[in-house]
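Just below is one structure, and these are the notes that go with it.
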Amino acid sequence: MRTTMWTNPGRSFSAAIAAALLAAPSGLRAQEQDPWIWLEEVEGERAMDWVLERNAETRAELEAQPSYRAAYDETLEILTSTDRIAFPSIQGDWLYNFWTDGDHPRGIFRRTTWDDYLGGDPTWETVLDVDALAEAEGKAWAFRGMDCLAPEDRLCLVNLSPGGSDAVEVREFDMEARDFVEGGFHIPVSKNGTAWVDENTILVHHNLDPDYTTSSGYSRAAWRWTRGTPLEDAEIVAEAEPGDMAMFVGSQETSDGSMVSVARLITIFDREIHVLEDGELHRLDIPTDASMQRMGDQMVLLLVSDWTVGGRTFPAGAVVSTNYDEYRAGRGTVELMLEPGDRSTVNGISRTRDYLLVNQLTDVQGQLVRYWRENGEWRHEAMDTPPMGSVSPASTSAHHNRFFFTYTSFTRPTTLYLAEEDGAVREVRSLPAQFDASGLVVEQHHATSPDGTRVPYFVVRPENAPTDGSNPTLLTAYGGFQISNTPGYLGATGKTWVEKGGVYVLANIRGGGEFGPAWWKAALKENRQRAYDDFIAVAEDLIARGITSPEHLGIEGGSNGGLLVGVAMTQRPDLYNAVVIQVPLLDMRRYHKLLAGASWMAEYGDPDDPEEWAFIREYSPYQNVRPDVDYPTPFIFTTTRDDRVHPGHARKMAAKMESMGHETIYFENVEGGHGSGVTPEQRAESAALTMAYLNMQLGSPSRPISQ
């Protein structure tokens, strides 16, 4: 069984150049055309000298801003506060938690009993001290979870990331001895994954062998590895095709034991699942883009595309089920469990021993619904939670029906609940208020995109905010990969921005999953511009309502959201006075050649295909920035250790803009992976630099909500 424990519940250039780039391959000629290609050398001496020089300039400028120190102190206090919720992870008779604070910036992995935890003041037993390990070994380790063997859950495979990267080192760990197993399973730093078969056997994928690594940088094979033998002697049990994204191994906890599987990822959205039974792999005949859960004797599927089976067509977005064994034998009947309406979607499914938990959104407001089988039929009931928020399972187990779930909203602190075996629900912990929300209102508005689509967005503002366009406003969105942006407690942003009078806006643009698969697919590949049109429409609507004005409007996004705000800046620079571009994709001509970029071609398209490059080049920020346009000064942020989205995107954009005479503010955290930092201090610095920049560009919020 795989039990993974994580930390608590991750934003038209000239025709001549266009024609040249379209014709050029991504090799030598592309490099010749890009004078900033050397910044793609992640730890190259010249590149790092450039980074450190820019970091020093940015620190000098932004730390001198009046708001910096307060924002840093307030953020760090929130990140290290001892009254945060210690979110539990259920494993056997124990509850586990990963915790960081001022004394443990890299964190401790610890455990306590159910009774002690529910008593309100638990005594924690440290299992692994990551700070002590990092100090002893002289390495900047970041904890990335464990994979444990059930039912004893004694032997585990610990994932340790150097500097927060996606790549991890795997070491076998004995939970009772609280120490690493001498001579145990060990995988060097790589993008890898594991699944226990038995005490002496695991399945593993890794990208250590170039001959078995895909163009996306992931494993192209799955191996069966026996204890005591070298990793290089492990037996290959499955291989992906050369053009596939990856071959992954994994397992799913069920009430009957562990379902070990190998997944051939054809694209990031399409996979063939092969289940290990009696030592052999057998493919599941299910849609390649569906999500699957086992619950008791049922196999439950969340559909992303229409599925015709047994003479019936089930629509995309529906949840269906069938008896697992009977379906495998060719006798199973598929039945409809849930079909969301036009304004609803299923945002995820999980399970306990006897309950299927459906996380449902209606108009981007969450509800958790519990389903169970009774007399051969599905029955359900909704968990009783407040409106205008998000509800989601926090920790479940396939061995009993007790589970934790959370409720959160923009202004209401996150609350942890326990659902008991008998269905009773009680509050366990509530996060203390981290900012003053007493004078705030939360509204949901809609903007109209150019094609007539109504795009919802949330506004969090002081109730006394004027409508004269003078409010400093921060607009954010994501819009990709079927990921839903839902309300969540603002925490440090609430303290450093909203409490002081700033307006916060979350837009639910197409490309996300807020309204089901169709909402996501509407902005795929050649239709990508729709996501950007939606975002721009929200900005225009905010201005039309008098909530803000271009002088006071800032936008922020990370990863795919970084691409989003990069496009918004290059297409409509007149709408904003601040642009925060975090760990972004920006050079869409070469994104598929950098780190994991090739794995996203199912979302964006293939730049080496002339027909697809024709629509990608129309929005790619790096290719569309021009010397003769007046852009707002952007704050471009990335991390050296980001091995998912290459830091070269951010570096090259800053360098190119500056070469054209545009001002930029650039900062690169030397740790952090695909995020803002590993330690609370690093994350607080990133947040404070951002807040100082926003205050500098948009004007400091000057109407505290308590007035």
_Tabulated pairs, the range 648-663, first farther than 11 Å from ILE581 by Cα, second part of a helix (DSSP H, G or I) and β-branched (Val, Ile, Thr), C-beta under 9 angstrom, 6+ apart or interchain_ = GLY648/ILE37; ARG651/VAL51; LYS652/ILE37
*Exactly one of (1) buried (at least 18 other Cβ atoms within 10 Å of the Cβ); (2) under 30 Å from LEU302 (Cβ atoms); (3) more than 26 Å from the chain's Cα centre (by Cα) is unmet by PRO462. Its number?*
(2)
*In the range 370-406, what residues are surrounded by fewer than 17 Cβ atoms within 10 Å (Cβ to Cβ), part of a strand (DSSP E or B) and under 25 Å from the mean Cα position of the chain (by Cα)?*
none
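Conditions tested, residue by residue: (1) in the same structural domain as GLY557 (by TED's automatic domain parsing); (2) within 25 Å of PRO584 (Cβ to Cβ); (3) among the small types (Gly, Ala, Ser).
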{"site": "PRO386", "(1), (2), (3)": "no, no, no"}
{"site": "ALA419", "(1), (2), (3)": "no, no, yes"}
{"site": "GLU443", "(1), (2), (3)": "yes, no, no"}
{"site": "PRO472", "(1), (2), (3)": "yes, yes, no"}
{"site": "ILE483", "(1), (2), (3)": "yes, yes, no"}
{"site": "THR496", "(1), (2), (3)": "yes, yes, no"}
{"site": "LYS500", "(1), (2), (3)": "yes, no, no"}
*Report, by residue number, each residue of the range 413-430 that is part of a loop (DSSP other than H, G, I, E, B) and either of a type in the set (Gly, Ala, Ser) or touching a Phe, Trp or Tyr at 6+ places or on another chain (Cβ under 7 Å) (or both).*
PRO413, THR414, GLY423, ALA424
*Sort out which residues of the range 76-97 are touching a Phe, Trp or Tyr at 6+ places or on another chain (Cβ under 7 Å) and polar (S, T, N, Q), and write them in order of number.*
SER89, ASN97
_strands (runs of 3 or more DSSP E) completely within the range 250-330 that count 1 or more residues being of a type in the set (Val, Ile, Thr) and not assigned by TED's automatic domain parsing to the domain that holds ARG373_ = 257-265, 271-277, 298-302, 307-309, 312-314, 319-323
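Restricting to strands (runs of 3 or more DSSP E) lying wholly in the range 81-122: which have 3 or more residues that are at negative phi and among the hydrophobic types (A, V, I, L, M, F, W, C)?
Strands (runs of 3 or more DSSP E) meeting the threshold: 94-99.
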_Given the criteria of a type in the set (A, V, I, L, M, F, W, C), in the same structural domain as SER676 (by TED's automatic domain parsing), outside any loop (DSSP other than H, G, I, E, B) and over 25 Å from the mean Cα position of the chain (by Cα), does VAL455 qualify?_
no
*Return a yes/no flag: does the range 44-60 have any residue that is more than 19 Å from PRO680 (Cβ to Cβ), hydrophobic (A, V, I, L, M, F, W, C), assigned to a loop (DSSP other than H, G, I, E, B) and assigned by TED's automatic domain parsing to the domain that holds MET653.*
no
*Being of a type outside the set (Asp, Glu) and within 23 Å of THR333 (Cβ to Cβ) is the filter here, so list the residues in the range 370-411 that pass it.*
TYR371, TRP372, ARG373, ASN375, GLY376, TRP378, ARG379, HIS380
*With the checklist (1) within 21 Å of MET292 (Cα to Cα); (2) modelled with pLDDT of 95 or more; (3) under 28 Å from the mean Cα position of the chain (by Cα); (4) among the hydrophobic types (A, V, I, L, M, F, W, C) in hand, flag the one item LEU416 doesn't pass.*
(1)
_So, HIS662, is that one part of a loop (DSSP other than H, G, I, E, B), modelled with pLDDT under 95 and not charged (D, E, K, R) or not?_
no
*Of the numbered conditions (1) over 19 Å from PRO35 (Cα atoms); (2) part of a helix (DSSP H, G or I), LYS656 satisfies every one except a single condition; which is it?*
(1)
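The values are calculated or read from the model by the stated rules, or taken from the named source; none is laboratory data. What you see is a predicted model; the values in this text were computed from it and never measured. Note that each Cβ is placed from the backbone with ideal geometry, even for glycine, and that neighbours are counted across all protein chains shown.
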